[in-house]
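The values are calculated or read from the model by the stated rules, or taken from the named source; none is laboratory data. Just so you know, these numbers come straight off a predicted model, no measurement behind them. Heads up, the Cβs are rebuilt from the backbone with ideal geometry, glycines too, and the neighbour counts pull from every protein chain shown. These accessible areas exclude ligands, DNA and RNA; they are computed on the full protein's heavy atoms, side chains included. Shrake-Rupley method; radii C 1.70, N 1.55, O 1.52, S 1.80 Å.
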Amino acid sequence: MAGKDREVLVSGKTSFKIEVPYTLIETGEKRKKPLIVYLHGFGENNSEFIKTCDSLFNLEAYHLFIQGPYPIYDRSRKKNVADWGRAWYLYDGNRGQFIKSLELASEFIQEIIDNLLPMLKVSRIGLMGYSMGGYLAGFFALTRWKHVNDLAVVGARIKTEILNDKWENIQHLNIAAFHGEKDDRVKAEPQAKEIETLKEKGVNAELNLLKENHSFSDVYIKRILDWFEKIGYTKL
């Protein structure tokens, strides 16, 4: 019989290296200032997100844009690989896989930040994540709370269940959620419940409901800029 004597000798896993770009931009005077880490949404890339967030360069800060590690194949074949959209994590509906992938991406982000910090004069660290990047920003802030001061999440849900009721760890955080009332991709209600829970637990958290949909519009960016300024960031 064909294949009768087949024997699997080795079955294993190995790593595959992929280069992921990041861009660090400084605005304002050469002095101690905040570091803001920007995490784009699904299907976006660094160059697109830098253009989208242009108004946030009115804040005096180091602006760190990191691109998601997973390329999304361009079926039109009209874009170079460098211009393809990217994803931050792999999600198949399984919670265990979701957490595992979020943790892997967070380790990757932490490594970039740790390598940059010795070269910078950083007073505080803030994260701003949109959609898929918002889920990751929330996970990063709640699991690496010693390294984060401020968190802005747009069009996503902050998954507070990963805290395992250790609310004392995040009492120092400033958290703002920005969500569209007309967002039919990520409903606002779950995020609103998360913010209420955070407030009940003593965290400085707020929800900004806007008459927008899921698209990351200038209206969102204006409100984010105002929030960063309200919590102590300097506007140029």
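For log10 I(q)/I(0) by the Debye sum over Cα atoms at q = 0.09, 0.14 Å⁻¹, computed directly from the structure shown, the correct entry in (1) -0.48, -0.86; (2) -0.51, -0.96; (3) -0.40, -0.90 is (3).
For the chain, modelled as a GNM whose springs connect Cα atoms under 10 angstrom apart, the maximal fluctuation among Val81, Val186, Val153 occurs at Val81.
With a probe of 1.4 Å, find how much accessible area segment 22-231 has per residue, and write the answer as a whole number in Å².
The answer is 48 Å² per residue.
Expressed as a whole percent, the accessible surface of the chain that belongs to carbon and sulfur atoms is 49, based on a 1.4 Å probe.
If exposed means no more than 12 neighbouring beta carbons inside 10 Å and the site is in a DSSP loop, what's the longest run of the chain without any exposed chymotrypsin sites (Phe, Trp or Tyr not before Pro)? With a cap of 12 other Cβ atoms within 10 Å, the longest stretch comes to 74-236.
Need one number: % antiparallel among DSSP beta bridges in segment 22-231, to the nearest 5. Here the antiparallel bridges make up roughly 25 percent for segment 22-231. Modelled spin-label separation between Ser55 and Glu26, with each label point placed 7 Å from Cα along the Cα-to-Cβ direction: 2.7 nm.
Diagonalising the gyration tensor over the Cα atoms of segment 58-157 and scaling each eigenvalue by 5 before taking the square root yields semi-axes of 25, 18, 13 Å, largest first. The trypsin sites (Lys or Arg not before Pro) of segment 147-203 meeting both criteria, a DSSP state outside H, G, I, E and B (loop) and at most 16 other C-beta atoms within 10 angstrom of the site's C-beta, are Lys166, Lys182, Arg185, Lys187, Lys201. Excluding same-chain residues fewer than 8 positions from Lys235, which lysines have a Cα within less than 29 Å of its Cα? Correct list for Lys235: Lys30, Lys32, Lys33, Lys51, Lys121, Lys146, Lys199, Lys211, Lys222. For segment 173-236, GluC sites (Glu not before Pro) are listed when DSSP marks them as loop and at most 11 other Cβ atoms sit within 10 Å of their Cβ; the list is Glu181. In summary, the helical segments of the chain meeting the span-like criteria, namely a full DSSP H run, a Cα extent along the axis of 30 angstrom or more and a mean Kyte-Doolittle hydropathy of at least -0.5, are 95-116. Short-range pairs are left out: with C-alpha atoms under 8 Å and at least six residues apart, the relative contact order of the chain is 18 percent.
Using the crude model of +1 on Lys and Arg Cβ and -1 on Asp and Glu Cβ, and no other charge, please compute the dipole size for the chain relative to its Cα centre, in debye to 20.
That gives the chain a dipole magnitude of about 280 debye.
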